[in-house]
Every structure is written in C-alpha cells, then in structure tokens.
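What follows is calculated from the coordinates using simple rules that are stated; it is not laboratory data. Note that the structure is predicted; figures quoted are calculated from it, not measured. We place every Cβ from the backbone using ideal geometry, glycine too, and count neighbours over all the protein chains shown.
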Amino acid sequence: MIHAYIDYTMDIIMILLVVCVFAFFPKSFSIQQESTVRQMKGLREEVQNLTSRLQKLNATFQKDEAGHAMFYAVIKEKTLNFNVDTILVFETVIVNEGGFYDKYDGVFVAPWKGTYMFSWTVSANDGSWIVTELVVESQIISSAGVVNSGGGYYSGSMTVFCKMEKGYHAWIRSTGVSTGHVIYSHDNYPQSSFLGLLIHAD
C-alpha cells in the first residue's frame with residue numbers, strides 16, 4: 001500500500017506539471033510548427049495515461065476500504081417451537097463486528113459484495129426434531145437439522161460459502177417439511193448458534 005500511495009502522489013505531481021505547462025505555454029506559438037504539434041499530442045497522451053492510472057488507483061483504494069463483517073450469536077436458555085418457514089432469531093450476540101447482524105429479527109445484511117461463510121447449529125431434545133435452511137434473499141443455500149427419535153440431546157450443523165451482493169440478506173429458517181420444529185438450547189447442553197463472516201470482498 002505504501003508503494004501505491006507513492007505512485008498516487010507522483011501521479012498528482014505529474015498532472016500538476018502538465019497543467020502548469022498548459023497554463024504557461026507561450027500563447028504566441030504557432031500551431032503550424034511540427035514540433036509544437038508533437039508536444040501537444042504527447043501532452044494529451046500523458047494526461048490520458050495519468051487519468052487511467054488514477055482511476056485504477058481509486059478503484060483499488062475503494063476495494064481496500066472494505067472492513068470487517070463478522071458475527072456470532074446463540075439461542076440461550078430457551079426451548080422454542082416453530083411452524084414452517086419461520087426465521088430463527090439467535091438473540092444473544094457474542095460477536096458482531098460492524099453491527100450487520102440484527103439480534104431482533106435474526107437477519108444479516110451484507111455490507112459489501114463478496115464471498116461469505118456461514119455456519120449454524122441447531123439442537124433438539126428427547127423425541128423432538130428441527131430442520132432448518134440458510135436463505136440468501138429468496139435462494140436456499142443449504143440445510144441442517146436433527147431428528148431425535150430416541151433419548152438424549154442431539155444437534156446438527158452445516159457450514160457453507162456463498163456469494164452475496166451488497167445489501168443482500170441472509171437468515172436461518174425452519175423448513176416447510178412439517179410443523180412442530182423444536183429448538184432446545186440451554187447451558188450445559190448442545191446450543192443452537194449462527195455465525196457468518198466476510199471472506200473476500202469483490
């Protein structure tokens with residue numbers, strides 16, 4: 001980045017020099033002179049090259065401005081029943097870099113276009129079951145769940161990578177398979193959680 005800023009500064013200096021040449025070039029020169037025509041052509045090409053380089057540098061700096069987007073939240077000390085296609089709200093936030101996850105509605109909003117990673121775990125107790133899916137806008141990315149037909153406490157997890165545009169929404173919801181989804185998420189037992197982070201900004 002230091003070299004990029006040095007190049008950027010040198011480009012600014014070059015542009016200022018070009019402007020000075022245009023400003024103080026003798027007004028009485030004859031445009032018919034071949035040497036003058038070549039000079040003008042060369043100056044125009046130099047300005048075009050510098051403009052192109054500045055545009056590329058500006059695009060690079062804007063890309064580097066992409067900061068951190070990371071969250072981790074859990075459902076804490078709750079037993080919850082869900083109908084079909086219901087968003088799960090992981091209300092207890094442990095990490096929320098940038099504040100892009102909303103603990104009140106369970107939805108993450110992508111701050112930048114890029115590649116994101118999401119991982120979530122859902123847990124169930126005796127005789128219950130829960131099947132969930134990650135949704136980005138209207139697209140189902142993947143699913144995870146557990147069917148506990150016996151005793152004990154079980155959990156199911158999934159980790160995915162996906163592309164998101166700036167402003168896209170992502171959330172976990174119960175599937176439309178059937179009613180009766182149950183989350184059992186308590187201390188000292190498997191907990192239900194949801195995390196996401198920006199891997200690479202485009």
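Tabulated results
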{"quantity": "Length released on extending from Ser142 to Arg53, taking residue separation times 0.36 nm less the Cα-Cα span", "calculated": "27.8 nm"}
{"quantity": "Cβ-derived FRET efficiency at R0 45 Å, Lys41 paired with Tyr168, nearest 0.05", "calculated": "0.40"}
{"quantity": "Segment 75-198: relative contact order in percent, alpha carbon pairs under 8 Å with at least 6 residues between", "calculated": "39 percent"}
{"quantity": "Gyration tensor verdict on segment 57-202 (Cα atoms; rounded if a/c is under 1.5, prolate if a/b is larger than b/c, oblate otherwise)", "calculated": "prolate"}
{"quantity": "Environment charge at Gly106 (Cβ cut-off 10 Å; Lys +1, Arg +1, Asp -1, Glu -1)", "calculated": "-1"}
{"quantity": "Burial ranking of peptide ranges 131-144, 149-162 (average Cβ count within 10 Å, highest at the top)", "calculated": "131-144, 149-162"}
